[in-house]
1. Among residues belonging to region 246-278 that are modelled with pLDDT of 90 or more and not in a helix (DSSP H, G or I), point out the one that is farthest from residue 102 (Cα to Cα).
2. With the structure loaded, tell me whether residue 179 is over 27 Å from residue 239 (Cβ atoms) and in a helix (DSSP H, G or I) or whether it fails that test.
3. Might you let me know whether region 131-145 holds any residue that is closer than 13 Å to residue 78 by Cβ and buried (at least 22 other Cβ atoms within 10 Å of the Cβ)?
4. Which residue, of 158, 186, 206, 175, is farther than 16 Å from residue 45 by Cα and buried (at least 17 other Cβ atoms within 10 Å of the Cβ)?
5. It is to be established whether one or more residues within region 83-99 are farther than 27 Å from residue 184 by Cα, part of a helix (DSSP H, G or I) and either without any contact (Cβ under 8 Å) to a residue 12 or more places away in the chain or in contact with a helix residue (DSSP H, G or I) (Cβ under 7 Å, 6 or more places away or on another chain) (or both).
6. Which count do you get for residues in region 209-245 that are buried (at least 18 other Cβ atoms within 10 Å of the Cβ), at pLDDT below 80 and over 18 Å from residue 101 (Cα atoms)?
7. Could you grab me the full set of residues in region 66-90 that are buried (at least 24 other Cβ atoms within 10 Å of the Cβ) and more than 14 Å from the chain's Cα centre (by Cα)?
8. Just checking, how many residues over region 23-41 are in a helix (DSSP H, G or I) and farther than 18 Å from residue 76 by Cβ?
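The values are calculated or read from the model by the stated rules, or taken from the named source; none is laboratory data. Worth saying up front: this structure is predicted, and the values here are computed from it rather than measured. Glycine also receives a Cβ, built like all others from the backbone with ideal geometry; neighbour counts cover every protein chain displayed.
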């Protein structure tokens, strides 16, 4: 593992959560799907121009992995945005992290990991107990569904990283994601484009949420096993809570903070030493 890999993951996490908070400020004007559509379209255009992927040389496996990465990325982001529209950012990211954590747990054989699984499940259960009180049940369910897509994103992100040279796979993946989101976000995106004052914020979301983090993650996934990457991403709930507090002025209650701590601790515990059978 390169010594710079953890730093790149940290930068990716910080950018992604800051971008998520900025995106939330635009939902009232363009809608969650509209913001996401413009974000993906801008990112696809930037990578297509900057990288100019030589798609004619791709194998069928490369095309399949790239398309599926776009599908899972679209699902992850659309479900997360819909959840973020009605629930605090820290809660949404904590619940959605259950998917990548389960992926990490599935790729290890250590009996001690049952403890970490129980700890993470307790954290998610705490959020469930607060559903209907200070956490909308629909927001929690959407976040958990986003987590399932997040696990698929990690798996196919690793495949694209090995099957497609450079960052060319991102241009196609973002284009696929934009096509999937198009039916849901066309109206909101059109409304946003008619309001020039929204353009700087939308561009900031594209850079912070797509261009920088996805590029860094694809680079890191060439070097890190998927389970190690999944746990380095355990910083996401804490970063989300901080972004929600600093940008959106969202304050989490004791139960949500305890859930965040449990899920993050479980994620770190899963990788406190290398797994017995190294898998990718």
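1. 249
2. Numbers: over 27 Å from residue 239 (Cβ atoms): yes; in a helix (DSSP H, G or I): yes.
Answer is yes for this residue.
3. Of region 131-145, the ones closer than 13 Å to residue 78 by Cβ are 142-143, 145.
Within this subset, residues satisfying the condition of being buried (at least 22 other Cβ atoms within 10 Å of the Cβ) are 142-143.
Within region 131-145 (the criterion being closer than 13 Å to residue 78 by Cβ and buried (at least 22 other Cβ atoms within 10 Å of the Cβ)), the answer is yes, since at least one residue qualifies.
4. On the way: 186 fails: buried (at least 17 other Cβ atoms within 10 Å of the Cβ); 206 fails: farther than 16 Å from residue 45 by Cα; 175 fails: farther than 16 Å from residue 45 by Cα.
Answer to the selection: 158.
5. Filtering region 83-99 down to residues farther than 27 Å from residue 184 by Cα leaves none.
No, region 83-99 contains no residue that is farther than 27 Å from residue 184 by Cα, part of a helix (DSSP H, G or I) and either without any contact (Cβ under 8 Å) to a residue 12 or more places away in the chain or in contact with a helix residue (DSSP H, G or I) (Cβ under 7 Å, 6 or more places away or on another chain) (or both).
6. The qualifying residues number 1.
7. Listed by number, the residues that qualify are 66, 87, 88.
8. The initial filter retains those residues of region 23-41 that are in a helix (DSSP H, G or I), namely 23-24, 27-30, 32-41.
So of that shortlist, the ones also farther than 18 Å from residue 76 by Cβ come out as 28-30.
So the count comes out to 3.
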